[in-house]
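Bear in mind that the values in this text are calculations on the coordinates, not laboratory data. Since the structure is predicted, the reported quantities are computational estimates derived from the model, not experimental observations. Positions of Cβ are generated from backbone atoms using ideal geometry, with glycine treated the same way; all protein chains shown enter the neighbour counts.
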Amino acid sequence: MALLLAGDIGGTKTILRLVERTVKGEMNALYEFRYPSGEFPDLVPMVEQFLREAAIKLIWRHCLKKLVLRSQARWLTTLQN
C-alpha cells in the first residue's frame, strides 16, 4: 500500500486528494478538499493545511470504525447469551 498526494492546481481553485494505492494497483480516494487558490500565498501552506485536515479526518474515521466494530461484537455476544 502506498499513499499518494494528487492535485489539480489552478488560478482560482486547487483540488487536493489523498489516494491509497493497494498492492493490486487499485486507487482509493481517502480524502479530498477544494481550496480557493487566492487565499494562500503559495502551495506549501495549502498542502500543510490539507494534510492536517486529512489526518484528523482519517484518525476519526479509524476510531469510529473500531467503535462500531466493538459495539457490533458486544451486541452479537449479548444475542448469543
Practice problem: Only residues of the stretch 1-25 count here: report those whose backbone N is under 17 Å from the spot 7 Å along Cα→Cβ of ASP42, or say none. | Solution: 9-11
Quiz item: In nm, to one decimal, how far is the ILE9 label point from the TRP60 one, both placed 7 Å along Cα→Cβ?
Solution: 2.8
